[in-house]
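Below you'll find the structure, written out as structure tokens, and then a few comments.
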Amino acid sequence: MNVDFAVLERTGAVAGGIIVGVVAFYALYKDWSTPGVENHVFKLMLLLLGFGAILAILAGINVLGNFPKVA
Amino acid sequence: MAVASIAHGSAHGDGADQLYVETRELRLQGFLLFLVSDCVLFSSFIFAYLYLRNSGQGWPPPGIKRLDVAFAAWNSVLLFGSGATMHYALENWKHGNFMKYMWMLIFTIILGAGFLGGQAYEYTHLIVAEHVSWWGSGIFGASFFTLTGMHGFHVFVGVCYLTVLLLQSAAGVYTGQKYFGITAGTLYWHFVDVIWVVLFSIFYLI
């Protein structure tokens, strides 16, 4: 049996990215009104974490990083 | 014992606890300054890489293939996932759920170690199969291995740090009011995640 590892990796990236993105944005939503410097830093980092998850999803579905093959 | 410590705090050492509370903000500021300085370090390398990349005749240089986006995306999700588990480790600590905190911390360590394993696999593949190396592939190899290597070292330090946190937590070092080490660990781990968002974008997606 010939397994295409790239497809498995992309599927894992999309599935994992959705889970991480949902968790990150939900945590951000829950912590939105928490005061204090450290909580503001956490919120910024959760936002960027969610952004990273979106990038991983877009890379997984070939929207980003889909470059033409060099001849 | 540790669970009881979370709920009720330390019964002795009130003077030390008072000092801890009074100096917590200072330590937080110091740690944030450390993260800012680390950010400056990464920024200088990143801007050097972008400058070199845009001063050549196309990227990657002739003879070097593009990096494997599919594998990098999968490996990135491992690291991003560890950021989420670390966040919930801290949340569970704050709410006194000791066992959930421990499990989340263990998942974070496993995912971080998994990311390092993925990076080791990618390095091996690049060096052995694609003949791309730090020392012999010009600007591409030098910038890729320097930046991702520096980040990988940060992840390795983070995994060691979180392992120490795990052992300290099991030994009852932290309490419900006294847990700056866990907060600092969470901040550091999020920082490592965020740096990877940038590196993943500039090396694999553009």
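The values are calculated or read from the model by the stated rules, or taken from the named source; none is laboratory data. This structure is a prediction, so every number in the text was calculated from the model and none was measured. All Cβ positions, glycine included, derive from the backbone under ideal geometry; neighbour counts span all protein chains shown. Keep in mind that these areas ignore ligands, DNA and RNA; they rest on the heavy atoms of the full protein, side chains included. Shrake-Rupley method; radii C 1.70, N 1.55, O 1.52, S 1.80 Å.
Things to note:
- Listed peptides B:84-93, B:118-127, A:28-37 appear in the order B:84-93, B:118-127, A:28-37 once ranked by packing, highest mean of other Cβ atoms within 10 Å at the front.
- Per residue, the Cα convex hull of the protein assembly as shown amounts to 144 Å³.
- Taking 25 Å as the straight-line reach from the Cα of B:Lys178, the lysines in range (excluding those fewer than 8 positions away in the same chain) are A:Lys30, A:Lys43, B:Lys94, B:Lys100.
- Sorting B:Val192, A:Val23 by accessible area puts them as A:Val23, B:Val192; the probe is 1.4 Å, largest comes first, and only protein heavy atoms count.
- Per residue, segment B:1-151 exposes 52 Å² of accessible surface when a 1.4 Å probe is rolled over the protein heavy atoms with every protein chain present.
- Shielding by partners, peptide A:4-14 (average Cβ within 10 angstrom, other chains): 5
- A 1.4 Å probe run over the protein chains yields, for segment A:11-60, 48 Å² of accessible area per residue, whole-number rounding.
- Under conditions of 4 °C and 1.567 mPa s, segment B:29-101 yields 80 µm² s⁻¹ as its translational diffusion coefficient, taking Rh as the Kirkwood radius over Cα pairs in the Stokes-Einstein equation.
- Exposure rank, largest accessible area first [B:Ser201, B:Ser37; 1.4 Å]: B:Ser37, B:Ser201
- Pairs of Cα atoms nearer than 8 Å and 6+ residues apart set the relative contact order; for chain B it is 36 percent.
- Proximal aspartates and glutamates relative to B:Lys65, as straight alpha-carbon distance under 18 Å, when same-chain residues fewer than 8 apart are discounted: B:Glu122, B:Glu130
- Comparing A:Val22, A:Ile57, A:His40 along the charge dipole axis of chain A, the residue lying farthest to the positive side is A:Ile57, per the Cβ-charge model.
- Reciprocal of mean inverse Cα separation for segment B:155-206 (Kirkwood radius, Å): 12.4 Å
- Averaged over the residues of peptide B:24-32, the number of Cβ atoms from other protein chains lying within 10 Å of each residue's Cβ is 2.
- Based on C-alpha pairs under 8 angstrom that are at least 6 apart in sequence, segment A:11-60 has a relative contact order of 60 percent.
- Whole-number D in µm²/s for segment A:11-60 (Stokes-Einstein; Kirkwood sum over Cα pairs; 20 °C, 1.002 mPa s): 195 µm²/s
- GNM top mover of B:Val128, B:Val155, B:Val194 - chain B, alpha-carbon springs below 10 Å: B:Val128
- Hydrodynamic radius of chain B by the Kirkwood approach over all distinct alpha-carbon pairs: 18.8 Å.
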